[in-house]
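Engineer: Below: one structure in structure tokens.
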Amino acid sequence: MRPMLKNVLWQRHGEDLYLVADSEAQVVLSDPAGGVEALLCLLREGTRDLGQLAAALADRVAPCTEAELSEALGALDELGLLIDAAAPVDLSSYQSARYASNLAFFATFASLARSAASFQRGLLDAHVVFLGTGGLGSSAIQALAGAGVGRMTLVDNDVVELRNFARQYLYREDDVGRVKVDRAAEWVRAYNSAVDVRAVRCWIGGPDDVTDLLTDADLVVSGVDHPDEIDLWVNQACVSSAVPYVRGGMLARRVTYWSVDPGRSACLECDRHAPGGHAPELGVTEEQMRTGLDRVNRGIGPVASLVGAMVGLEALRYLTGFAPPIAAGCERFCDLASGAEEVRTWQRWPDCPACATVPASRRTLAGTRSHG
Ligand SMILES: [Zn+2]
């Protein structure tokens, strides 16, 4: 291991060092004897292992044991300030160039134990199933193909229509009348030829249809609105298969998204069954809303892009672990008129028929995955 300081600036004020890192975190370290500043200077070079660091410190300041040095490095790592300059980079030069901005982003979350490249590797090895390639789906597909998700299964039953173009930027005018998933898969191949993409044209008629699509899946992105039971079917299939899913939706003035992390977060059935769960009906029952309101999706183009981006970012949290998912077991709403955000958290229900006894999803805290 060769510990290396990330992009960090510091300024001394008396006995204290004021540090600013690229994560914009500001830290104050006490350094009356100058040993911390000497260590930071050595770490900035990133060329020394522990023994060489201890020797260089002894030369410049005062002798320190490797145990003392390890403790200091652990504290700096805890603050998110270090990477291992000797960590192997499991990416080709093409991948390092193509995903340079991803690597810069992940560097903020990297540590001595986890390199920026390993986050990208998590994406390249991931398989995401997209239910729906419409307003939300086409935006999320573009975001995750750009991010470098290695395998994509695209599921939809529709053909491209003229009315899609106001918010589904993935399609072209000469696609009208053609099968959406085929055109979406061709877009992905043209944009990122390394993605292994599969197009499945089908109508989902129950949870088993979803389960059939989940072989080797790491995550599901769902943007399907019909039929009414679709979210419960997706929930049932994903929870029983221990595959997390992210769902987004839009109204004329509100966007919303949620995710379910099986065995870890509450699921949609928990919310239906737990005391105090489910959205208040405000005098109008769900049944009345279903039958009494037309089902036109009123989301406009930029709103569809916004929801697709929020869902795409939540997907990246699951796939890489750069941060924990922020919508697991809760609905996040954003009012587009005021910009106000609202979160409605679901309670996990111990007797939930869907998730009470399922194993935790395969996602690990390190963001690395194993199938089986
Ligand atoms: Zn549940």
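Computed from the coordinates by the stated procedures, all read-outs in this text should not be read as laboratory data. Predicted, not measured: the structure shown is a model, and the values here were computed from it. Every residue, glycine among them, receives a Cβ derived from its backbone with ideal geometry; neighbour counts consider all protein chains shown.
Engineer: Counting only C-alpha contacts under 8 Å and six or more residues apart, can you give the relative contact order of the chain as a whole percent?
Structural biologist: The value is 14 percent.
Engineer: Now a separate question. About its Cα centre, how strong a charge dipole does the chain have in debye, to the nearest 20, once Lys and Arg get +1 and Asp and Glu get -1 at the Cβ?
Structural biologist: Taking the Cα centre of the chain as origin, the dipole is about 720 debye.
Engineer: Return VAL255, VAL239 ranked ascending by Cβ neighbour count within 10 Å, so the fewest neighbours appear first.
Structural biologist: Final ranking by Cβ density, sparse to dense: VAL255, VAL239.
Engineer: In Å, what Kirkwood hydrodynamic radius results for the stretch 47-172 from the alpha-carbon pair distances?
Structural biologist: Kirkwood radius, the stretch 47-172: 18.1 Å.
Engineer: Simple spin-label model, 7 Å along Cα-to-Cβ: THR211 to PHE109 in nm?
Structural biologist: 3.2
Engineer: Also, I was wondering about something else. Taking springs between alpha-carbon atoms closer than 10 angstrom, which of ALA252, ALA340, ALA147 fluctuates most in the Gaussian network model of the chain?
Structural biologist: ALA340
Engineer: While we're looking at this one, here's another question. For the stretch 125-345, what proportion of DSSP beta bridges, expressed in % and rounded to the nearest 5, is antiparallel?
Structural biologist: Approximately 45 percent, going by the DSSP bridge assignments.
Engineer: Rank VAL243, ALA97, TRP258 by how far each Cα sits towards the positive end of the charge dipole of the chain (+1 on Lys, Arg Cβ; -1 on Asp, Glu Cβ) and give me just the farthest.
Structural biologist: Comparing the listed Cα positions along the dipole, ALA97 ranks first.
Engineer: Please give the length that would be gained between ASP59 and VAL358 if that part of the chain were fully extended, namely 0.36 nm times their separation in residues minus their C-alpha to C-alpha distance (nm, one decimal).
Structural biologist: Length gained, ASP59 through VAL358: 101.9 nm.
Engineer: Find the centroid of the Cα atoms in the stretch 183-216 and in the stretch 30-106, then give the distance between the two in whole Å.
Structural biologist: Centre-to-centre distance over Cα atoms comes out at 43 Å.
Engineer: At q = 0.07, 0.10, 0.11 Å⁻¹, what is the base-10 log of I(q)/I(0) for the chain according to the Debye formula with one equal point scatterer per Cα and no solvent? Please give it to two decimals.
Structural biologist: Once normalised to I(0) and log-transformed, intensities are -0.39, -0.73, -0.84.
Engineer: I'd like the per residue volume of the convex hull spanned by the Cα atoms of the stretch 116-268, given in cubic angstrom.
Structural biologist: Output value, Cα hull per residue: 121 Å³.
Engineer: Take every DSSP beta bridge with both residues inside the chain and express the antiparallel ones as a percent of the total, to the nearest 5.
Structural biologist: 60
Engineer: Name the helices (complete DSSP H segments) of the chain with a Cα length along the long axis of 27 Å or more and a Kyte-Doolittle mean of at least -1.0, or state none.
Structural biologist: Going by DSSP H runs, the hits are 301-320.
Engineer: Is the shape of the stretch 126-191 best called rounded, prolate or oblate, per the rule: a/c under 1.5 gives rounded, else a/b larger than b/c gives prolate, else oblate, with a ≥ b ≥ c the square roots of the Cα gyration tensor eigenvalues?
Structural biologist: Prolate, since a/c reaches 1.5 and a/b exceeds b/c.
Engineer: Here is a follow-up. Given the peptides 13-22, 123-132, arrange them by the average over their residues of other C-beta atoms within 10 Å, most packed first.
Structural biologist: 123-132, 13-22
Engineer: Turning to a different aspect of this structure: Rounded, prolate or oblate: which fits the stretch 3-84, taking a ≥ b ≥ c as square roots of the Cα gyration tensor eigenvalues, rounded meaning a/c under 1.5, else prolate when a/b beats b/c?
Structural biologist: Oblate, because a/c is 1.5 or more while a/b does not exceed b/c.
Engineer: I would also like to ask the following. Could you sort the peptides 168-176, 149-157, 78-86 by per-residue average Cβ neighbour count (10 Å cutoff), highest mean leading?
Structural biologist: My ranking of the peptides, most packed first, is 149-157, 78-86, 168-176.
Engineer: So how much slack lies between LEU9 and ASP196, counting 0.36 nm per residue of separation and subtracting their Cα-Cα distance, in nm?
Structural biologist: Stretched fully, the LEU9-ASP196 segment lengthens by 63.2 nm.
Engineer: Let me ask something else. Assign unit charges at the C-beta atoms only (+1 for Lys and Arg, -1 for Asp and Glu), then state the dipole size of the stretch 23-98 relative to its Cα centre in Debye, rounded to the nearest 20.
Structural biologist: So the dipole magnitude of the stretch 23-98 works out to roughly 280 debye.
Engineer: Still on this structure, I have one more. Can you compute the FRET efficiency between VAL159 and SER92 using 1/(1 + (r/R0)^6), with r the Cβ-Cβ distance and R0 = 30 Å? Round to the nearest 0.05.
Structural biologist: Using R0 = 30 Å, I get an efficiency of 0.20.
Engineer: Of the beta bridges DSSP finds with both residues in the stretch 111-232, what % are antiparallel, to the nearest 5?
Structural biologist: If we restrict to bridges inside the stretch 111-232, about 5 percent are antiparallel.
Engineer: Suppose the chain between ALA75 and GLU45 were pulled fully straight at 0.36 nm per residue; how much longer would it get relative to their current alpha carbon spacing?
Structural biologist: 8.9 nm
Engineer: Ranking MET310, MET4 by Cβ neighbours within 10 Å, fewest first, what do you get?
Structural biologist: Taking fewest neighbouring Cβ atoms as first place, the list is MET4, MET310.
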